[in-house]
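> Dropping a structure here in structure tokens format, bear with me for questions.
The values are calculated or read from the model by the stated rules, or taken from the named source; none is laboratory data. Everything numeric in this text was worked out from a predicted model, so none of it was measured. No Cβ is skipped: glycine too gets one built from the backbone with ideal geometry, and neighbour counts run over all protein chains shown. Quick note on the areas: whole protein, heavy atoms, side chains included, nothing else; ligands and nucleic acids left out. Shrake-Rupley method; radii C 1.70, N 1.55, O 1.52, S 1.80 Å.
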Amino acid sequence: MDGDADGYKERALDANRGRPADIILDAIGGPVLDSALDALGHLGRLVTYGASSRQTASAIAPSRLAVENIGVAGFWLIPLLARNGIGGKALEELLDLTARGRLRPLVGAEYDLARARDAHEDLLARRTMGKLVLRP
């Protein structure tokens with residue numbers, strides 16, 4: 001699903017066969033996070049793990065969370081790795097799946113190393129999806 005806030009709720013519902021979502025993982029933040037909250041169903045959970053939009057989301061009223069029985073959690077890998085023993089086993093499994101080729105990142109574009117500046121500009125302008133690869 002693309003990261004445009006306009007129509008996000010409708011696209012999320014369509015992707016879930018018309019039903020509100022149980023869980024949404026949001027790496028974009030800002031207005032997309034606001035729209036993602038609207039796509040959650042009863043007891044739904046939103047996990048925010050990035051802010052690639054570089055925009056601030058609206059404040060979330062605790063009363064809304066209670067009335068709608070929804071939750072919001074944050075996740076950032078770096079602090080998790082800094083704490084000994086936290087995330088170790090799950091992270092090892094993810095890395096193992098990746099090493100065995102069973103879990104692959106979505107590669108959105110590849111650039112020759114000489115075009116690293118173009119890659120960075122495309123990333124900042126949000127013209128890309130997935131991971132960018134620089135080839136030597």
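> Looking at (1) modelled with pLDDT of 85 or more; (2) over 20 Å from Gly7 (Cα atoms); (3) not small (Gly, Ala, Ser); (4) not in a loop (DSSP other than H, G, I, E, B), which is the one condition that is false for Leu37?
Leu37 satisfies all of (1) modelled with pLDDT of 85 or more; (2) over 20 Å from Gly7 (Cα atoms); (3) not small (Gly, Ala, Ser); (4) not in a loop (DSSP other than H, G, I, E, B) except (2).
> State which residue is nearest to Glu68 (Cα to Cα) when the search covers only the range 1-13 and only residues that are loosely packed, with under 12 Cβ neighbours inside 10 Å and among the charged types (D, E, K, R).
Here the residue is Asp6.
> Do we have any residue at all in the range 19-34 that's outside any strand (DSSP E or B) and over 26 Å from Thr128 (Cβ atoms)? Reasoning before the result, please.
Residues of the range 19-34 that are outside any strand (DSSP E or B), as a first pass: 19-20, 27-34.
Then keep just the ones that are over 26 Å from Thr128 (Cβ atoms); that gives 19-20.
Yes - at least one qualifying residue is present in the range 19-34.
> Quick check on my filter: what residues within the range 49-100 are of a type in the set (Val, Ile, Thr), over 22 Å from Leu124 (Cα atoms) and in a loop (DSSP other than H, G, I, E, B)?
Step one: filter the range 49-100 for residues of a type in the set (Val, Ile, Thr), giving 56, 60, 67, 70, 72, 78, 86, 98.
Next, from what is left, pick out any that are over 22 Å from Leu124 (Cα atoms): 60, 67, 70, 72, 86, 98.
Passing the criteria: Ile60, Ile70, Ile86.
> Write out, first by first residue and then by second, each pair whose Cβ atoms fall under 6 Å of each other, whose residues are 6+ apart or on separate chains, and whose first residue, in the range 108-136, is over 14 Å from Ile28 (Cβ atoms) while the second is surrounded by 14 or more Cβ atoms within 10 Å (Cβ to Cβ) and of a type in the set (Gly, Ala, Ser).
Between residues of the range 108-136 that are over 14 Å from Ile28 (Cβ atoms) and residues that are surrounded by 14 or more Cβ atoms within 10 Å (Cβ to Cβ) and of a type in the set (Gly, Ala, Ser), the close pairs are Tyr111/Ala119; Leu132/Ala109; Leu132/Ala119.
> Select, from Leu65, Leu33, the only residue that is crowded, with 16+ Cβ neighbours inside 10 Å and in contact with a strand residue (DSSP E or B) (Cβ under 7 Å, 6 or more places away or on another chain).
Details: Leu65 fails: crowded, with 16+ Cβ neighbours inside 10 Å.
Step by step, each of Leu65, Leu33 is checked, and only Leu33 is crowded, with 16+ Cβ neighbours inside 10 Å and in contact with a strand residue (DSSP E or B) (Cβ under 7 Å, 6 or more places away or on another chain).
> Going by the conditions given, is Leu46 modelled with pLDDT of 90 or more, in a strand (DSSP E or B), under 23 Å from Leu106 (Cβ atoms) and open to solvent by less than 40 Å² (accessible area, probe 1.4 Å)?
Numbers: modelled with pLDDT of 90 or more: yes; in a strand (DSSP E or B): yes; under 23 Å from Leu106 (Cβ atoms): yes; open to solvent by less than 40 Å² (accessible area, probe 1.4 Å): yes.
Considered against the rule, which asks whether it is modelled with pLDDT of 90 or more, in a strand (DSSP E or B), under 23 Å from Leu106 (Cβ atoms) and open to solvent by less than 40 Å² (accessible area, probe 1.4 Å), Leu46 comes out as yes.
> What number of residues in the range 101-136 are touching a Gly at 6+ places or on another chain (Cβ under 8 Å), at pLDDT below 90 and either in a helix (DSSP H, G or I) or open to solvent by less than 60 Å² (accessible area, probe 1.4 Å) (or both)?
3
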